[in-house]
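Notes to accompany the following structure.
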Amino acid sequence: MRVEKTTVIDASREEVWELISDPNRFPEWWSANALEVTGPATIELGTEFEQVSPAPFGKATVTSTYRVEEFEELREVKMRCQMSGWYSHWLLTEARGSTFVDVEVGIEPTALQYRLVFGVLGKRPFREAAVEAIDGLREALAEDRKASPQ
């Protein structure tokens, strides 16, 4: 089960990459998915980090390990939760000073419990996560620009 969202963000590919390639910054722009992250400030293929996320139905939190499964500097990153199979896959393309962003959020369940939970919830959590990520990126980029005007 997965959802794809595509948009153009009014920021350079480098600016967008800086946010999506630093897991420690996820809570700044994707707080519904990442409440806290512990790990390296930069990632590459095979990098792992721990992320605290809201549990389904929002009554608790879950700490899980994510692994970078696909990686191409300034172009692509795919990160997957090793516990549930939840993933996000980002593709960035330069678009005349802006960035064409394609994000896929989904799950390839690792256990029956995740298949059941997300079978009940359907695509809604993935759709909401993708929309929040894109909106959050835009807001974080605007904040970054305010903090360091050029």
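The values are calculated or read from the model by the stated rules, or taken from the named source; none is laboratory data. Worth saying up front: this structure is predicted, and the values here are computed from it rather than measured. Cβ atoms come from the backbone with ideal geometry, glycine included; neighbour counts cover every protein chain shown.
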Task: Residue among R145, R115, R80, R96 that is in contact with a strand residue (DSSP E or B) (Cβ under 8 Å, 6 or more places away or on another chain) and basic (K, R) - done: R80
TODO: Please enumerate the residues belonging to segment 119-150 that are over 15 Å from F26 (Cβ atoms) and touching a helix residue (DSSP H, G or I) at 6+ places or on another chain (Cβ under 8 Å).
DONE: L121, P125
Task: When residues of segment 86-99 are limited to those that are out of contact with any helix residue (DSSP H, G or I) (no Cβ under 9 Å at 6 or more places or on another chain) and farther than 24 Å from E50 by Cα, the one surrounded by the fewest Cβ atoms within 10 Å (Cβ to Cβ) - done: R96
Task: Residue among W17, W29, W86 that alone is within 22 Å of I134 (Cβ to Cβ), in contact with a Gly (Cβ under 9 Å, 6 or more places away or on another chain) and in contact (Cβ under 8 Å) with a residue 60 or more places away in the chain - done: W29
- [ ] Hey, can you tell me all the residues within segment 1-20 that are at pLDDT 95 or above and in a loop (DSSP other than H, G, I, E, B)?
- [x] D10, A11, S12
Task: Residue, farthest from A11 (Cα to Cα), within segment 58-105, restricted to residues that are of a type in the set (D, E, K, R) and in contact with a Phe, Trp or Tyr (Cβ under 7 Å, 6 or more places away or on another chain) - done: R80
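Taking the residues in segment 111-138 that are of a type in the set (K, R) and at pLDDT 90 or above as candidates, determine which candidate is surrounded by the fewest Cβ atoms within 10 Å (Cβ to Cβ).
Top of the filtered list is R127.
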Open item on the list: Based on this model, can you work out whether G106 counts as modelled with pLDDT of 90 or more and within 18 Å of D22 (Cα to Cα)?
Closed with: no
- [ ] Inspect segment 39-57 for any residue being of a type in the set (S, T, Y), loosely packed, with under 14 Cβ neighbours inside 10 Å and in a strand (DSSP E or B) and give the result as yes or no.
- [x] no
Open item on the list: Among the residues of segment 27-36, are any touching a strand residue (DSSP E or B) at 6+ places or on another chain (Cβ under 6 Å) and hydroxyl-bearing (S, T, Y)?
Closed with: no
